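First comes the structure, then the notes that go with it.
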Amino acid sequence: MHILIIPDSFKESISSQEFCNIAERAILKVFEKAKITKIPMADGGEGTVDVLIKNKSGRIIHKEVTAPLGNRVKAHFGILEDGKTAVIEMAAASGLHLVPEDKRNPMLTTSYGTGELIKFALDEGCKKIIMGIGGSATNDGGAGMLQALGFRLLNSRGEDISYGAEGLLELDSVDTSGKDPRLDDVEIIVACDVDNVLCGPRGAAYVYGPQKGANEEILPILDKALMNFSKIIERTMDKKVANIKGSGAAGGMGAGLMGFLNAELKPGFSVLKEEIGLVEIFEKNEFHLVITGEGQIDSQTLHGKVPIEVGKLAKKYSVPVIAFAGNIGKGVEKLYDYGISSIFTIVNGPISLQESMANGPKLLEDTIERFMRAIKTVVVREN
């Protein structure tokens, strides 16, 4: 029996690599001679750097950068084995987790640190950058990132604007003459599963602003700031990005990346699938079973999450897929049409979320072991 283990992480509980190791251990308790292939996965969000480094080899570089509120923090990025491809997670430098809850204010937070990571990647000689832009604390359209890369964002008096969305309100022009010239020779691929446009009811401010600390009074101001930013992009670069799907991702970072750095936005899973060579792996192997999982599986899983994308791919090769989750929400029945054979929760009783997360590894191992014992019973009976 050849089993492929290809999960996403259980946020704040089990990394995708840990899931692989746990599942392997549980399987071998029951099927001692099983052949196992492990591919830790991500969808472009948290864990993207680690996943690509583990699957393709490479190294992780740690640097000090500017955090969303201007303080200095340690961040990291990866360089793949070719030495020319960098992998950057925006959250490492500009993530919401870097801002205390009582200080979250997207009018003030900056993406400057993300620009510093890009610059460090250029210093390493990279010619391709894969960016995951989930989990940001900012709503500045990537303005801070651009400032770190040498762009001057100016008000009507020719002065540099302040950090954050607050500065975008007075943005009048962008001087591109000082931008890092190495950017002209770099391909930037953005792993992005968000299809929000930049402004309006489905824009960056109204949809994601509240989780970044914006109240009802601030939301229209944030939206106005991004609207002004889009006008400046059009005037400076002759690009209309405001209504492009994904332009509102990461507080408008999608718009900034497309408008000034010619970045290409792609679904997160497809980026990693291509980099890892996942289709080729299915072509070359005869898998009998695929095991996947994620912390929460519900109707939102349909929108590009790892379990559903694994299910779609495995279905093409007629391989059954079993998914394991910390919690199963509403709408999961829709997943069965896309290659997911069954879904199991690892929670074994009425316990709190904190208990579930703390005991996640043991709960996962026990659940997978029980499932494999059920399979073995059926196999023995059929033989």
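Here are the numbers:
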{"quantity": "Sites residue 240 and residue 348 - FRET efficiency at Förster radius 51 Å, r taken between beta-carbons, to 0.05", "calculated": "0.45"}
{"quantity": "Gained length - residue 296 relative to residue 370, 0.36 nm times residue gap less alpha-carbon distance", "calculated": "24.6 nm"}
{"quantity": "Where a label projected 7 Å from the Cα of residue 327 along Cα→Cβ would reach, residues of the range 336-353 with amide N under 17 Å", "calculated": "344-353"}
{"quantity": "Using alpha-carbon coordinates, inclination of helix 16-30 to the longest axis of the chain, degrees", "calculated": "0 degrees"}
{"quantity": "Of all DSSP beta bridges in the chain, antiparallel share, percent nearest 5", "calculated": "35 percent"}
{"quantity": "Cβ-Cβ FRET estimate between residue 280 and residue 11, R0 fixed at 35 Å, reported to 0.05", "calculated": "0.75"}
{"quantity": "Distance histogram in 10 Å bins (all Cα pairs of the chain, percent per bin)", "calculated": "5, 23, 30, 23, 13, 5, 1, 0, 0"}
{"quantity": "Semi-axis lengths (Å, descending) of the ellipsoid that matches the C-alpha gyration tensor of the range 99-141", "calculated": "26, 10, 8"}
{"quantity": "Degrees between helix 112-123 axis and first principal axis of the chain (Cα, 0 to 90, nearest 10)", "calculated": "80 degrees"}
{"quantity": "Kirkwood hydrodynamic radius of the range 1-146, from inverse mean 1/r over distinct Cα pairs, in Å", "calculated": "16.5 Å"}
{"quantity": "Cα centroid separation - the range 215-236 against the range 286-301, whole Å", "calculated": "38 Å"}
{"quantity": "Unsatisfied cross-links (Cα-Cα over 22 Å) in the set 38/128; 56/84; 63/84; 56/273; 127/245; 245/315", "calculated": "38/128; 127/245; 245/315"}
{"quantity": "Space enclosed by the convex hull of the alpha-carbon atoms of the range 48-268, per residue, Å³", "calculated": "103 Å³"}
{"quantity": "Packing-based order for 39-50, 201-212, using average beta carbon neighbours within 10 Å, highest first", "calculated": "39-50, 201-212"}
{"quantity": "Backbone N under 20 Å from the residue 378 label point (7 Å along Cα→Cβ), restricted to the range 1-27", "calculated": "1-6, 23-24, 26-27"}
{"quantity": "Order by protection proxy (mean Cβ within 10 Å, highest first), peptides 249-257, 346-354, 155-163", "calculated": "249-257, 155-163, 346-354"}
{"quantity": "10 Å-binned pair-distance histogram of the range 181-263 (Cα, whole percent)", "calculated": "20, 48, 26, 6, 0"}
{"quantity": "Per-residue ³J(HN,Hα) for the range 179-190, Karplus 6.51 cos²θ - 1.76 cosθ + 1.60, θ = phi - 60°, Hz, x for Gly and Pro", "calculated": "5, 4, x, 5, 5, 5, 10, 10, 8, 10, 10, 9"}
{"quantity": "Cα centroid separation - the range 151-196 against the range 319-383, whole Å", "calculated": "46 Å"}
{"quantity": "Full-stretch length increase - residue 355, residue 317 - with 0.36 nm per residue and alpha-carbon distance subtracted", "calculated": "9.9 nm"}
{"quantity": "Share of pairwise Cα separations in the range 235-379, more than 28 Å, in percent", "calculated": "36 percent"}
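Read-outs throughout are calculated quantities, based only on the coordinates presented, and are distinct from any laboratory measurement. In this text, all values refer to a predicted model and were calculated from it rather than measured experimentally. Quick reminder, even Gly has a Cβ in these numbers, built from the backbone with ideal geometry, and neighbours come from all protein chains shown.
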